[in-house]
1. Take the alpha carbon atoms of region B:1-67, find their center, do the same for region A:315-382, and report the distance between the two centers in whole angstrom.
2. What residues qualify as long-range amide H neighbours of B:Val692, i.e. H under 5 Å apart, gap of 5 or more or another chain, H built at 1.01 Å from N?
3. Exposed loop sites here are chymotrypsin sites (Phe, Trp or Tyr not before Pro) in DSSP loop states with at most 15 other C-beta atoms within 10 Å. What is the longest stretch of chain B lacking them?
4. In debye, nearest 20, what is the charge dipole magnitude of region B:1-114 about its Cα centre with +1 on Lys and Arg Cβ and -1 on Asp and Glu Cβ, if you could check?
5. Report, in deg cm²/dmol and to the nearest 500, the calculated mean residue ellipticity at 222 nm for the protein assembly as shown, where each DSSP H run with n ≥ 4 adds -39500 (n - 2.57) and the sum is divided by the residue count.
6. Setting aside same-chain residues fewer than 8 positions from A:Lys331, which aspartates and glutamates have a Cα under 16 Å from its Cα?
7. What aspartates and glutamates sit close enough to B:Lys312 to cross-link, taking a C-alpha to C-alpha distance under 15 Å and skipping anything fewer than 8 places away on the same chain?
8. Which ³J(HN,Hα) values in Hz, rounded to whole numbers, follow from the phi angles of region B:210-220 under the Karplus curve 6.51 cos²θ - 1.76 cosθ + 1.60, where θ = phi - 60° and Gly and Pro get x?
Amino acid sequence: MERLNPFTTAQKQLDWAAEKLGLDEATHELLRWPMKEFSFTMPVRMDDGTTRIFRGFRVQYNTARGPAKGGLRWHPDETLDTVRALAAWMTWKTSVVDIPLGGGKGGIVCNPKEMSEGEKERLARAYIRATAGILGVTKDVPAPDVYTTPQVMAWMMDEFETLVGEHHPGVITGKPVPIGGSLGRHDATARGGIYVAREAAKAYGLALQGGTMAVQGFGNAGQYAALLGSEILGLRLVAASDSKGAVYNPKGIDPAALVQFKKQIGTVVGFPEGETLTNAELLELDVSVLFPSALENVITEENAPRVRARMVCELANGPTTPEADRILQDKGILVLPDFLANAGGVTVSYFEQVQNTYNYYWELKDVYARLDDKMTRAFHAVDEMAARHKVDLRQAAYLVSVARVAEACRLRGWV
Amino acid sequence: MNELSLENLIGWIRTYRIYRRIMSHPKLAQPIRALLRRSLLDRGIVSESWFERLVDDAARNLNLADDFDHRQEISDALTDIVAAHAFSEEEIREHIRLAQRMEKFFLLNRVVNTEGATSKQIKKALKEFCAVPEGNLPISPSDAEGVRVALISHFISSQLPFLGIAKKYITIRDMDEMVDHTYWNPRRSGKVGGKAAGMLLAYKILLPRFSPKDPDLEQSLCLPESYYFNSGIFSDFIDYNNLHWFHSQKYKTREVIEEEYKHISELFARASFPPDMVNMFRRFLERVGEYPLILRSSSLLEDNFGHAFSGKYESVFLANRGPLEQRLEAFIWGLKRVHMSTYAPAPILYRRDHNLLDFDEKMSVLVQKVVGAPYGKYFFPLVSGVAFSRNTYRWSPKIREEDGMARLVLGLGTRAVERVGQDYPRLVALSHPDMRPEVSARHIVKYSQRLVDAINLETGRVETVSLGDILSHLPPQAAYWAVSTVEGDHVSPPPFKGQLVPPDRAVLTFDNLLRRSPFARLLRKILRRLEQAYGHPVDVEFAWHEDKLFLLQCRTLSVREELAQVEIPQNIPEQHVIFSNSKVLFNAVVSDLEYVVYVDPKAYGRLGDETSKAAVGRVVGRINRALEGKRFALFGPGRWGTNDLHLGIRVGYEDINHALVLGEIAHESEGVTPEVSFGTHFFNDLVEARIVPVAVFPDDPQEFFKEEFFTAAGCSRLSEICPEEARWEEVIKIVRIPDASGGLWLQVYQDAHRQKGMGFLAPQRSSRG
């Protein structure tokens, strides 16, 4: 099967929303393309004394609502079109949670698996030297993404500050906490999803207290979903899986014990208080909430008819294929779409930037309270949109975010 | 009387004194004068012809017959007179001492080359030689080499390839030091065995006694305190207990060996060492004190060039704490266990496979103080592992094969050499020690070591302990080298030695060790030098503790002779492709496979209890024997040979040794998985036995596995080939390829250069012999 160009997909999604919202042609056309694109080369001295030339990109898709915001990817197969598509999605994501930022994305064609720490550092600094003029708290703020780590962010921030000669911690988010990272980032994605699930349950009359949950993908987001689902929503964890298989116990699994087990053994399989299940069987369990938390395309046309969860909270990116999505909607299963359900991460990134800017750092409880507020408002805005246009939550989330960006463009007098 | 001038008289008195001094060593008089004459000639004081002429003139003058005795007499007198004139008294004494040393050397030379000389006699001669202070002895290189070779082959190893290298590096004085650490039986001679030999030789190659030493190595490289209990002790033990019938054990069938091995343990428990040996063990334990010990097998065949015997014989850790008699009891049982493993099925079958069965294998035991320190109730080295001079684990083309690789673990090295499943040692490409294939925190944590092997000083056993538990005992100064902190996506090693890493956020990365210590550089240097000296790739086991690198073992490594190039045939019809894989370890072509033994991953996963899962390994072993001589491949889920039944089938080398291809079907959905079995004992066995390992990741879009070819109803031959195992039909299928494919055979091509492999059906190749 030929792979779809991701940017074409992003444009199609926008086309649908534009039609639904009745956007005028100019606005539609403006939102179909990145506003600014930068493409550059970076010479980097390698450990063996040779110099390699790396290619890099930065796309500022739309900055009508605020400075561009989006990750920086290091990947050997990076293309400008991937970066464009991801920059578009960042625009919609910052808009749906209503934070005053636009959307951007960057990338470097490189393979970090083949680079030493020294080479990575020199590449990170080279990227900043190439982009310093277009970055800044008021222009464009990168963050970690594929194969870029908090350490990379720290080097980049340092290079930027060296160039401009003053402190600007907010130029990059996702930094290590000792140099300006925000507390609460570790569980932000899962926590945001849990808040959205809580609001959705209230809105749709689902009783979660005492209900059950299954977590597909017991990685970082999945583990926190299990812990917080139990703590905040009163859900009982009955199953969890990872790449090696799943563990199941209808009477309930202590999430903290399972996290500990996974940490020691490396997998959930073999957890003493449960039986083994396959990943496929887990997806079909009769539970209140299913959290797909790891991979793309796990709920497909093939298995969607057998999904029995009442609610699917998409913590992973794109866990449900479009065909499966329709089947789940037809079955009346409430799907909380990824770019709403997992927007907690970008929201706390924004909080980091805010704290950096006024140089005063919040306590953890403040981060949680503000995140709750943002996610709760975002859900209700989406839900209202869904009711108004009689569309599902995924479609509604698009409508909310595109409408907000379009409105900002209009108010600025661009269109 | 002019002649009686004072000056002349003093000259004669000097001559007389020299004569007296020489004659006080009547047996050495000749060698002493020979040395004096040599010096006179060397210094140009006299010339050969002048001396000869003088002897002639004197003989004539004195009217003596020109015979040997007279010439000798005159020559001696002349030597004394000229020496008295030319040398100071101190110089004369120096010549006498030199002759004494030479005498010791000739004695040693005579003893080591006397047939039937006992170890005791040799040791005495060796001691006497070495008691003379070091100096430049005018020994001919060939004489010295002869003595070295004789000593090495008496005490260490008489394997020719070993001798050929060892004689260049191991000196007579090195042998003396070794003998001081050797325990033997007065009734039997014996050698220290392969493992001890490999370790000693490697150390001497790296730090030779008489050549300039590398300052890096001199500062950091050491051997653990080692003692050698030679094979005579074991032979004597067998005699003393009348256990000779064990010797024919190796010629029995596998089933009988396995069955009878169960009883050997009881027999050994009852058998005893002679009292003089027990006393010797007791004295030894008094000498080393209460310090943890490891008793390592060091058999004659083990670590023989080309046959690694990876992990075949037993090693025993002893906490060695408590009252002397209690320690003695544990020590004796440890010795018995190591000795007993000579008769275990795995090494016997290994020898059978490698045509080593008729060799009269003898077991020595290398006893070492365990490298490490007590941390709380646990004792372990900070880092241990195994390293290879050739790196076959290259995830990037820039990684240099010739710089080697290492597998590092925290704690005892047992975890580095066994297939431990979900627990991952740190694999290091020594050409790029701070590069790793995992980038995100999630993957770094996932592919890290979580369990640590350590000696529990309270229970006296080796225990596998969680990293958290170990870290709670480890001071930050030690943990600094091994751990990093994980905070969400951020992994960072401690910035300074006093930094506390909370155990619940710690991950083992060895980042500071690899980036801020000379460890990687030293290891690279060591591997390169050893490979040069051996003329062959090597592997070493090591421990790193308190800034010292301890060399524990070194042996030559069996390397697969790679095909220079493999061309996978083009245009194979799609329906004939059975699998394709994209992570290829070696170039290999295995043609005309007749059978595939297929353990169905799904059916295996459905086996609920551990007993059934463990039984699958035994059935595979039985099939392996039934198909001996046939060309077959084994395919199964996950990792063959792992200890963890959830991850793969538990088999030993003897259960798979007749297969030509060993396939691992890994349903792994998280991208590239490091091949963690590189360098384990199990993997070494595959390489040596020329079994081609193939890993297939069916979830990877670039790969493919045609499951239905094997699961199609009615094609399995299990009930024909192993009728007694027919009930396993659901889980294990044996497919005869030509029957299932209408006359085609399975061809397996692996191209490491292009990282592409394929198994496909094709007519039988005629080229195969």
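1. Value for the Cα centre distance between the two parts: 107 Å.
2. Amide H neighbours of B:Val692, under 5 Å, 5+ apart: B:Val661, B:Leu662.
3. So the longest stretch without any such site is B:497-769.
4. Charge dipole, region B:1-114, about its Cα centre: 640 debye, nearest 20.
5. One gets -13000 deg cm²/dmol as the mean residue ellipticity at 222 nm.
6. Once the sequence-local aspartates and glutamates are set aside, what remains near A:Lys331 is A:Glu284, A:Asp286, A:Glu301, A:Glu302, A:Glu323, A:Asp392.
7. Straight-line reach from B:Lys312, under 15 Å: B:Glu258, B:Glu302, B:Asp303, B:Asp353, B:Glu361, B:Glu418, B:Glu654, B:Asp655, B:Asp685, B:Glu688.
8. So the J values, rounded to whole Hz, are 9, 9, x, 9, 6, x, 4, 5, 4, 6, 10.
Laboratory data are not the source of any read-out in this text; all were calculated from the coordinates shown. Since the model is a prediction, treat every value here as computed from it, not as a measurement. Here Cβ is always computed from backbone atoms with ideal geometry, including for glycine, and neighbour counts include all displayed protein chains.
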